[in-house]
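Engineer: This structure is in structure tokens; I'll ask about it shortly.
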There are 2 protein chains.
Amino acid sequence: MKPKFQKVTYVAILFGAMLIASGCTKQEKIINAANYGLKQGADAVPALRKALEVCVEENATKLIIPKGKYDCYPDMATEKYVRVSNNDNGMKRIVFPLEGLKNFEIDGQGARFIMYSQILPFNIEGCENITIRNLSIDWNKPFYFQGTVIATHESTNSFDLKVFEECDYEIVANELIFLEKPGKAIRTWKQWAMPVKKDFGWEQNIDWNIWYDSKIKAPAYKGNECLLRSFNEKLNIRYHAKEIEPGVVRFFNAAPKLPQKGWVLIIKGKKDLQRVSPAIHIFDDKNVHIENVDVHHAGGMGLIAERTENISLVDFNVVLPSGSDRMVSTTADATHFVNCKGMIGIDSCMFENMLDDASNFHGIYTYIIKLVDDYTIGVNRMHGQQTGFQFAEAGDSVRLSETKDMKSYAVLKVASVRSFNEEYMEITLDEKVSDILRPSSVAENVSWQPDVQVKNCTVRRNRARSLLISTQGEVLIENNTFKTCSGQSLQFAGDATFWYESSPVRDVIIRNNHFKDFGLGGGNSPVIAFIPELKFDGKPTHYYHQNVIFNNNTCEVFGRRLVIARSVKNFVFKGNTILPSKTYPLAPLNQDAFSFRDCKDVTIEDNHYQWPEKTSVTVDNFSKDIKVEENIGIVK
Amino acid sequence: MKPKFQKVTYVAILFGAMLIASGCTKQEKIINAANYGLKQGADAVPALRKALEVCVEENATKLIIPKGKYDCYPDMATEKYVRVSNNDNGMKRIVFPLEGLKNFEIDGQGARFIMYSQILPFNIEGCENITIRNLSIDWNKPFYFQGTVIATHESTNSFDLKVFEECDYEIVANELIFLEKPGKAIRTWKQWAMPVKKDFGWEQNIDWNIWYDSKIKAPAYKGNECLLRSFNEKLNIRYHAKEIEPGVVRFFNAAPKLPQKGWVLIIKGKKDLQRVSPAIHIFDDKNVHIENVDVHHAGGMGLIAERTENISLVDFNVVLPSGSDRMVSTTADATHFVNCKGMIGIDSCMFENMLDDASNFHGIYTYIIKLVDDYTIGVNRMHGQQTGFQFAEAGDSVRLSETKDMKSYAVLKVASVRSFNEEYMEITLDEKVSDILRPSSVAENVSWQPDVQVKNCTVRRNRARSLLISTQGEVLIENNTFKTCSGQSLQFAGDATFWYESSPVRDVIIRNNHFKDFGLGGGNSPVIAFIPELKFDGKPTHYYHQNVIFNNNTCEVFGRRLVIARSVKNFVFKGNTILPSKTYPLAPLNQDAFSFRDCKDVTIEDNHYQWPEKTSVTVDNFSKDIKVEENIGIVK
């Protein structure tokens, strides 16, 4: 592993330099959207489109939007079929369709964009040197449902919920449907009639939900014990809902255990698609810089980037709107990066109250379903939300691995690609693959593996995890605060079973961070989890993740488990301070802080473990060279 | 009205001549698909694509497919986002993607194509002089659910259904789900998990259904009294289903009245989209000829044509597969034509057992939502299944009407069109529209109004109606047999309220046809219904439909009502024979055979009404000049 301490240049500075460099070749030309009909109190979309079209015609370098509140409706928006990895593909109404632009900046000057209904605020595609700054994105009402428990009734296995003022609902067939257009719930059991387009709107049922604690606006401690389901398997009946008075709904037999009074129910729903409206979609771009942008909500991810080289986020925040009683920001990850390359830099950002992770950096594994000819493999994109993903192009290199142990056995250069549909594509390689190919193999793209820096950020109060890291580039996680999520904090995975997310890490430094209170949902969630899904038992054939340093961090947690690791080589856990949580009850003394399976060359040294009881290290028979020394509070 | 009796040339001959004429310019070049890997027992799709690609490369005139049974899977099929009017838009896997071809024929030589899952057999787009002949299209299993009542239980308000062998189902949350992939029903109430792509498949609930009479394979007489609904509004509970033994399911509280033993339940479902897989989609073509083609099933329409000039169907049949116990062919209309022009000729075709009409010829009304500038109107496509329809192009003429009475007030030429999304488009006109435009107006395209000839065809045993005619071209309906559908036989509508289907007719002859037994679902359905939806009361401002001759037909029906008409001028009902049904009980004597509202210049003469009781004519106060003379059995 190379030393990385020299690498002090900030990503923002790097990008600034790139933009200045490219800007030098071109006169600055500024367009003000106010000159093209943009005004407050009307649908801003046609005027913004006009202004953007003028920018293209006149080869402008910057679009300025005067500070103000702008309402963006889908009605007249430009539409396009957009594939959005890890969100839902489909026809999208787009507010800012940025395509094929070079050296272009949007300066919102503090503009607040309020979205209505299913809409995609930013689609940035095929662009180079793009900056978005000084604006915020919100929706008039959230895609989720929110309500506060005001009473519970043991005798009828029910509780009463006061519905949040921004949420519309109807009781349909004795169940709660929340929906975009009040009074428009579809009675599916009615014969024949199909809705006219103007009546369309999303609607959702009660499935897929989480409890929040209103006092701290974080996932309720052990809230997962009370999750609602529309069908109660234990009782073999559907739940039912009844409106007690306008805005108050009683839920019967909906949860295995009644929630606490004051808890807030957040429902995402499983009736219609629920990741159709991410806030910012970045695909096939080079050098995207986003600064001083707040995403308050999205029906999907805050920012999703695919196959893009160099992205820097500075003061990019996924945060609750100030003064709002909403409990949740985006309904999926704050940020997500699939098969990017170059540098992804995230600096001075706040990610809070998402219904999924803060950041996930990964590639995808496609499954090889056939050998088309000696040089050509036929592969399927496997996960439903990877369909249509542009997996590889001529010139890329793909690495083949067997699914049984996820061990790679070849790297081959791509000569050409033909994608027939969103699932199946054929990849012709530069050299003969028929002799090499092994049964049940997956392919990952090793040409698109970014370096990652996450610095000076705060992640808190979200469902799921803080960061998921699956890139073989250089990774530096430094000076951040990660706290109060429902699951573990840092995850290093990789699987060819369900998510089909690649790749193994080779170079990760995590230092000077503050970790606090994970597993609020109810688990005993670790600070770091290495959980590649390898389908083998017995002596390791290889080590999936390698070269990870966890150094000089403070962990202040209530869970006993700090590290769970499978198939990791060269892991250093050094100089860290581990404190018991002051906020939540400590987990029972049922687990060692460290657990290793199929690992090699692990060093745990110079740590200060300050819990009342000492802890230890669980090591399986196949792990080798586990050094535990010079620690306080950790015995071997 | 012009006389039409000279027009004896058959459409097929016309088209044959056109094709021969165009073929003269080009050497015949024939490709045989068998030379490109096509074989029985394997997925035929890659070989068919290869053969088609060779046809394009070598500028072939004909693709031959050797007689045989070919299985077509979506897995590796070419995919494209296809907008299909009156069906469901979306990404479609296509078996025969015919695009931009000229002077090309596919001769199946008796080939049987068996489709699997959601797939589009033919997409014909931007082509000219195309012939498809000598093949059949079916699916391995239907998109609908079928089962036979083997017992009823009054005491528990339940009945037992023996499930048809081709249908897979699961009992999920006490309800029946039928689905494409056995054992894969999605338990939506489960938390988090989303399916991996390879597990995808459609699934449906019990809503949207019809009863068939297995003895005659037609809609059960008065079957509509027993339609199932997943939510029983009367009892305020959901129905529930229970598997009694494998393949036998008991339904509790599902219908307002128990069905008869032996009746067959057909369910289309309302859970997933159910018009995703029509058999043949024709868009933006010129001269399409289809001959000796059988469509046995489709998840949508048998043939849907949009904005195409000249279509001839000869011996094109939508029929049950021979020897099958299926009750239903296509799950929607057999054929459907939206804003076509030139001649649509349908000769010697059989359309049976569809879940919707045999043929519908119409245009669409778009709703004018704003005046963009003096020359430009902003319009919305209104019905959900018209989204994305290519409504107009430069050079077309659009006609404006007020929705209050559907009276047209201007015809304007289109200078340019810009479609922003599937709903909204802006149309710039050749002349100033700002002075003309009236509030609440719709626009229809009068440049795309086909002539229609339907001859020597049989329509029977379907849900809904025989023909829906809404074109201002010349229409001739001659020598056909129309019988045993659930609703009325011929419909002339037009509305700007829900379906938004145009246009008024101006020249229709219906002669020498045999009409038999309509309204099997339970209504007292007429042979002809003129039912434009006009939102005015009082003295007519105009007459929506005009110039219709119904001459020398035989009507042998059980319903009392023969003609219901609103806003028709110059309707001649002459020389027809009307007999009581010999098959079904005659309707009670509660209606006159004729009913006119807001009509003018109606002639009922020389008809022979042979029912036991004489009948009469109901005329409202606003109808004028209704002549009833020289009839037997009809009194004024």
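Engineer: Based on DSSP H runs of at least 4 residues, each adding -39500 (n - 2.57), what is the mean residue ellipticity at 222 nm of chain B after dividing by all its residues, to the nearest 500 deg cm²/dmol?
Structural biologist: Working: 2 runs with 26 residues, N = 636.
Mean residue ellipticity, 222 nm, calculated: -1500 deg cm²/dmol.
Engineer: When ranked by the protection proxy of mean other Cβ atoms within 10 Å per residue, highest first, what sequence do the peptides B:260-270, B:563-573, B:292-302 form? Let's see the in-between values first.
Structural biologist: On the way: B:260-270: 20.8, B:563-573: 23.6, B:292-302: 26.6.
Per-residue Cβ counts within 10 Å, averaged per peptide and sorted highest first, yield B:292-302, B:563-573, B:260-270.
Engineer: Let me ask another. Per residue of the range A:543-560, what does 6.51 cos²θ - 1.76 cosθ + 1.60 with θ = phi - 60° give for ³J(HN,Hα)? Whole Hz please, x for Gly and Pro, Karplus curve as stated.
Structural biologist: Result, rounded to whole Hz: 10, 5, 9, 9, 6, 10, 10, 10, 9, 6, 9, 10, 10, 10, 9, 9, x, 6.
Engineer: Find the relative contact order for chain B and round it to a whole percent, using C-alpha pairs within less than 8 Å whose residues are 6+ positions apart.
Structural biologist: Details: 1922 pairs, mean separation 55.6, N = 636.
Computed over chain B, the figure is 9 percent.
Engineer: Running Debye on the range B:90-205 with equal point scatterers at the Cα sites and no solvent, what base-10 log of I(q)/I(0) appears at q = 0.10, 0.18 Å⁻¹?
Structural biologist: After summing over all Cα pairs, the log10 values are -0.51, -1.02.
Engineer: Within the range B:557-586, list the residues whose amide N lies under 18 Å from a label point set 7 Å along Cα→Cβ of B:Lys627.
Structural biologist: Hits in the range B:557-586 for B:Lys627 at 18 Å: B:568-576.
Engineer: Of A:Pro321, A:Ile578, B:Asn86, which is farthest towards the positive pole of the protein assembly as shown's charge dipole, taken about the Cα centre with +1 and -1 on the beta-carbons of Lys, Arg and Asp, Glu respectively?
Structural biologist: About the Cα centre, the residue reaching furthest to the positive side is A:Ile578.
Engineer: Could you go through the range A:412-417 in sequence order and give the Karplus-derived ³J(HN,Hα) for each residue, using 6.51 cos²θ - 1.76 cosθ + 1.60 with θ = phi - 60°, rounded to whole Hz, and x for Gly and Pro?
Structural biologist: Taking θ as phi minus 60°, the curve returns 10, 8, 8, 8, 7, 9 Hz for the range A:412-417.
Engineer: Positive end of the charge dipole of the protein assembly as shown (Lys, Arg +1 and Asp, Glu -1 on Cβ, about the Cα centre): tell me which of B:Gln546, A:Val557, A:Pro532 has its Cα farthest that way.
Structural biologist: Result: A:Val557.
Engineer: Tell me which residues come under 5 Å, amide H to amide H, from A:Val628 once H is placed; ignore anything under 5 positions away on its chain.
Structural biologist: Answer set, sorted by chain and number: A:Ile604.
Engineer: Another question, then. Hey, can you grab everything whose amide H is under 5 Å from the amide H of A:Tyr500? Only 5+ residues off in sequence or another chain; H modelled, so Pro and N-termini drop out.
Structural biologist: For A:Tyr500, the qualifying residues are A:Asp495.
Engineer: I would also like to ask the following. Mind giving me the nanometre distance, one decimal, between the label points for B:Asn174 and A:Ala410, set 7 Å out from Cα along Cα→Cβ?
Structural biologist: 5.6
Engineer: A follow-up question, please. Treating only the Cβ atoms of Lys and Arg (+1) and Asp and Glu (-1) as charged, compute the dipole magnitude of the range A:145-267 about its Cα centre; round to the nearest 20 debye.
Structural biologist: Working: 17 positive and 16 negative charges, 33 e Å.
Magnitude of the dipole: close to 160 debye.
Engineer: How large is the charge dipole for chain B, taken about the Cα centre, if only the Cβ atoms of Lys, Arg (+1) and Asp, Glu (-1) carry charge, to the nearest 20 debye? Walk me through the numbers before you get to the answer.
Structural biologist: Values: 76 positive and 78 negative charges, 213 e Å.
The calculation lands at about 1020 debye.
Engineer: Take the eigenvalues of the Cα gyration tensor for chain B, scale each by 5, and report the square roots as semi-axes in whole Å, largest first. Before the final figure, lay out the partial values.
Structural biologist: On the way: eigenvalues 270, 229, 131 Å².
One finds semi-axes of 37, 34, 26 Å for chain B.
Engineer: Checking the a/c ratio against 1.5 first, then a/b against b/c, what shape does the Cα gyration tensor give for the range A:451-629?
Structural biologist: Working: a/c = 1.41, a/b = 1.20, b/c = 1.17.
In terms of gyration-tensor shape, rounded.
Engineer: Name the residues whose placed amide hydrogens come within less than 5 Å of the amide hydrogen of B:Ser623, ignoring near sequence neighbours (fewer than 5 apart) on the same chain.
Structural biologist: Hits under the 5 Å cutoff: B:Asp598, B:Cys599.
Engineer: Grab every C-alpha pair in the range B:534-636, bin the distances at 10 angstrom width from 0 up to the longest one, and report whole percents.
Structural biologist: So the P(r) values, bin by bin, are 15, 47, 29, 8, 0.
Engineer: Put +1 on the Cβ of every Lys and Arg and -1 on every Asp and Glu Cβ in the protein assembly as shown; which of A:Ser348, A:Ile267, A:Leu52 then has its Cα farthest towards the positive end of the dipole?
Structural biologist: A:Ile267
Engineer: Between B and A, which B residue has the Cβ nearest their rotation axis, distance in Å?
Structural biologist: Here the nearest residue and distance are B:Tyr81, 2.
Engineer: For the range A:145-267, compute Rg over Rh where Rg is the Cα radius of gyration and Rh is the Kirkwood radius from the inverse mean 1/r over Cα pairs. Numbers along the way, then the final one.
Structural biologist: On the way: Rg = 14.8 Å, Rh = 15.0 Å.
So for the range A:145-267, dividing Rg by the Kirkwood Rh gives 0.99.
Engineer: Looking at the calculated P(r) for the range A:414-479, what percent of the C-alpha pair distances fall above 19 Å? Each step should come with its number before you reach the end.
Structural biologist: Working: 1260 of 2145 pairs.
When all Cα pairs of the range A:414-479 are counted, 59 percent exceed 19 Å.
Engineer: Evaluate peptide B:361-369: per residue, the Cβ atoms of other protein chains within 10 Å of its Cβ; return the mean as an integer. Intermediate results must be reported in sequence, preceding the final value.
Structural biologist: Numbers: counts 0, 0, 0, 0, 0, 0, 3, 0, 3.
For this peptide, the per-residue mean of nearby foreign Cβ atoms is 1.
Engineer: Further question on the same structure: Treat every Asp and Glu Cβ in the protein assembly as shown as -1 and every Lys and Arg Cβ as +1, leave all other atoms uncharged, and give the resulting dipole magnitude about the Cα centre to the nearest 20 debye. Before the final figure, lay out the partial values.
Structural biologist: Working: 152 positive and 156 negative charges, 404 e Å.
So the magnitude is around 1940 debye.
Engineer: I've got another one for you. Restricting things to alpha carbons, tell me how big the range B:473-568 is in terms of Rg and Dmax, in Å.
Structural biologist: My reading of the Cα-based Rg and Dmax gives 13.9, 39 Å.
Engineer: Along each of its three principal axes, how wide is the spread of alpha-carbon positions in the protein assembly as shown, in whole angstrom units, largest first?
Structural biologist: Ordered largest first, the protein assembly as shown gives principal extents of 115, 74, 64 Å.
Engineer: Considering only Cα-Cα distances, which of the following residue pairs are longer than 27 Å: A:Lys92/A:Lys268; A:Lys582/A:Lys627; A:Lys268/B:Lys197?
Structural biologist: Working: A:Lys92/A:Lys268 20 Å; A:Lys582/A:Lys627 30 Å; A:Lys268/B:Lys197 21 Å.
Checking Cα-Cα distances, A:Lys582/A:Lys627 exceed 27 Å.
Engineer: Pop out the ³J(HN,Hα) list for the range A:111-120 in order, Karplus 6.51 cos²θ - 1.76 cosθ + 1.60 with θ = phi - 60°, rounded to Hz; leave Gly and Pro as x.
Structural biologist: The phi angles translate into 4, 10, 9, 9, 8, 10, 6, 7, 7, 10 Hz.
Engineer: When the Kirkwood radius is taken over all Cα pairs of the range A:556-611, what Stokes-Einstein diffusion coefficient follows at 10 °C and 1.306 mPa s, in µm²/s?
Structural biologist: 130
Engineer: What is the spread of the Cα atoms of the range B:195-306 along each of their three principal axes, largest first, in whole Å?
Structural biologist: For the range B:195-306, the Cα spread along each principal axis is 54, 43, 29 Å.
Engineer: Per q in 0.18, 0.26, 0.31 Å⁻¹, report the Debye log10 I(q)/I(0) for the range A:99-142, using one uniform scatterer on each alpha carbon and no solvent.
Structural biologist: -0.62, -0.96, -1.06
Engineer: Mind giving me the FRET efficiency for A:Thr481 and B:Glu165? R0 is 60 Å, r the Cβ-Cβ distance, nearest 0.05 is fine.
Structural biologist: 0.45
Engineer: Can you tell me which of A:83-93, A:229-239 comes out highest on packing, and rank the rest after it, using the mean Cβ neighbours within 10 Å?
Structural biologist: On the way: A:83-93: 23.3, A:229-239: 16.7.
The densest-packed peptide leads the list: A:83-93, A:229-239.
Engineer: Still on this structure, please answer the following. For the range A:267-382, just say rounded, prolate or oblate: build the C-alpha gyration tensor, square-root its eigenvalues into a ≥ b ≥ c, call rounded for a/c under 1.5, and beyond that prolate if a/b exceeds b/c, oblate if not. Before the final figure, lay out the partial values.
Structural biologist: Working: a/c = 3.32, a/b = 1.60, b/c = 2.08.
Oblate, since a/c reaches 1.5 and b/c is not below a/b.
Engineer: Cα centroids of the range A:507-583 and the range B:26-49: how far apart, whole angstrom?
Structural biologist: Between the Cα centres of the range A:507-583 and the range B:26-49 lies a distance of 57 Å.
Engineer: Can you tell me the order of A:54-64, A:329-339, A:447-457 when each peptide is scored by its average per-residue count of other Cβ atoms within 10 angstrom, highest first? Could the numbers behind the result be given before it?
Structural biologist: On the way: A:54-64: 17.0, A:329-339: 28.3, A:447-457: 22.8.
The packing order, highest mean first, is A:329-339, A:447-457, A:54-64.
Engineer: Here's a follow-up. Tell me the Kirkwood hydrodynamic radius of the range B:363-445 in angstroms, computed as one over the mean inverse distance between distinct C-alpha pairs. Write out the running numbers ahead of the final one.
Structural biologist: Details: mean 1/r = 0.0810 Å⁻¹.
One over the average 1/r among Cα pairs gives 12.3 Å for the range B:363-445.
Engineer: Counting partner chain Cβ atoms within 10 Å of every residue's Cβ in A:383-389, what's the average?
Structural biologist: On the way: counts 5, 7, 3, 2, 4, 2, 0.
So the per-residue partner count for this stretch is 3.
Engineer: Using only atoms on other chains, find how many Cβ atoms lie within 10 Å of each Cβ of peptide A:415-422 and report the average.
Structural biologist: Values: counts 0, 0, 0, 0, 1, 9, 11, 4.
Mean shielding by partner chains, rounded to a whole number: 3.
None of the figures in this text is laboratory data; all of them are computed from the coordinates on show. It should be emphasised that the depicted structure is a prediction, and the values quoted were computed from it without experimental measurement. Please note: Cβ atoms are built from the backbone with ideal geometry, for glycine as well, and neighbour counts cover all protein chains shown.
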